[in-house]
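Asks: Pasting a structure below so you can have a look.
Where a number appears in this text, it was derived from the coordinates with a stated rule and is not lab data. Being a predicted model, the structure only gives us computed values, none of them experimental. Note that we place each Cβ from the backbone using ideal geometry, even for glycine, and neighbour counts take in every protein chain shown.
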Ligand SMILES: [Zn+2]
């Protein structure tokens with residue numbers, strides 16, 4: 001959890017602005033601008049009222065030279081200039097980068113600002129560069145779909161551990177263990193069907209389907225190698241211990257399926273391929289396929305009532321290759 005400290009009073013803000021002669025600064029905003037514990041960035045006078053109702057209970061307010069953005073998780077941070085333009089192009093707080101977690105800092109005219117899922121750099125030359133953790137195969141926020149292969153396509157995760165004869169990344173494995181323990185405490189048992197699959201293994205599966213049914217049909221039932229979430233080590237297929245409805249849509253009606261749908265987010269998992277979202281995800285309903293994204297993203301997706309990871313991150317639909 002990130003907490004923000006209380007900011008100076010309005011009186012102090014006015015005093016500081018009079019002393020500095022530059023108008024309000026981000027640090028010395030009034031109470032309605034929330035608080036800011038980051039470095040002081042001059043935003044000038046406010047040009048509009050505070051606008052709340054942003055994702056996860058956030059608020060923003062426009063100033064002459066930028067915007068102040070606040071959320072309960074990240075506190076209050078100023079965003080301005082070319083970095084703000086680039087952030088807006090990414091979808092601002094509802095896009096791939098999420099909320100700012102610090103003010104921009106500059107060295108020798110090169111400025112950088114960090115966000116929940118990445119950073120934006122504006123070089124002295126004027127060029128802006130966006131780094132996104134959703135592009136990083138080793139990050140729990142990575143997005144893999146038919147439009148977004150793993151980079152590199154032969155990526156192998158580190159820290160794979162054994163889980164019921166399958167492998168998962170250690171962070172996903174310990175979260176899954178907590179999920180299974182909590183389900184068991186509610187009298188619901190589940191077992192692990194499938195975890196990590198290597199590029200080579202996925203290639204074998206996919207090529208078998210192509211040989212059997214042709215590529216068009218194969219693409220509807222199996223991911224191409226380098227495009228499978230199972231290759232990240234963050235995806236797991238679960239089943240009921242008695243095998244009822246294994247890898248079938250009716251798994252949603254089993255005790256394990258219902259428990260997972262209601263509780264997976266508490267442990268950082270999402271139902272990655274929900275019902276009726278194949279135009280976005282590229283896959284039909286898979287109530288058994290859980291994807292570890294961490295509790296921040298999973299909790300936010302759940303509380304915001306957003307169906308897919310693509311929609312949550314402002315990414316284009318990936319119905320096909
Ligand atoms: Zn799966």
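Asks: Sort through 131, 166 and tell me the only one that's closer than 25 Å to residue 298 by Cβ and either more than 26 Å from the chain's Cα centre (by Cα) or surrounded by 17 or more Cβ atoms within 10 Å (Cβ to Cβ) (or both).
Replies: Matching residue, one of 131, 166: 166.
Asks: All but one of (1) surrounded by fewer than 23 Cβ atoms within 10 Å (Cβ to Cβ); (2) within 16 Å of the ligand (Cβ to nearest atom) hold for residue 251, so report the exception by its number.
Replies: Going through the list (1) surrounded by fewer than 23 Cβ atoms within 10 Å (Cβ to Cβ); (2) within 16 Å of the ligand (Cβ to nearest atom), residue 251 breaks only (1).
Asks: Right, next: Return a yes/no flag: does segment 295-303 have any residue that is out of contact with any helix residue (DSSP H, G or I) (no Cβ under 8 Å at 6 or more places or on another chain) and either away from the ligand (no atom under 14 Å from the Cβ) or in contact (Cβ under 8 Å) with a residue 60 or more places away in the chain (or both). Spell out how you get there, then give the answer.
Replies: Pass one, segment 295-303, residues out of contact with any helix residue (DSSP H, G or I) (no Cβ under 8 Å at 6 or more places or on another chain): 296.
Filter once more, so that each one left must be either away from the ligand (no atom under 14 Å from the Cβ) or in contact (Cβ under 8 Å) with a residue 60 or more places away in the chain (or both): 296.
Within segment 295-303, one or more residues are out of contact with any helix residue (DSSP H, G or I) (no Cβ under 8 Å at 6 or more places or on another chain) and either away from the ligand (no atom under 14 Å from the Cβ) or in contact (Cβ under 8 Å) with a residue 60 or more places away in the chain (or both).
Asks: Here's a follow-up. State all residues of segment 96-110 that are crowded, with 20+ Cβ neighbours inside 10 Å and farther than 17 Å from residue 75 by Cβ; if no residue qualifies, say none.
Replies: 96
Asks: Sticking with this one: Need the failing condition index for residue 223 against (1) within 15 Å of the ligand (Cβ to nearest atom); (2) under 21 Å from residue 164 (Cα atoms), just the number.
Replies: (2)
Asks: Can I ask one more? Among 118, 165, 195, which is the only one that is more than 29 Å from residue 239 (Cβ to Cβ) and touching a residue at least 12 places away in the same chain (Cβ under 8 Å)?
Replies: Going through 118, 165, 195 in turn, just one is more than 29 Å from residue 239 (Cβ to Cβ) and touching a residue at least 12 places away in the same chain (Cβ under 8 Å): 118.
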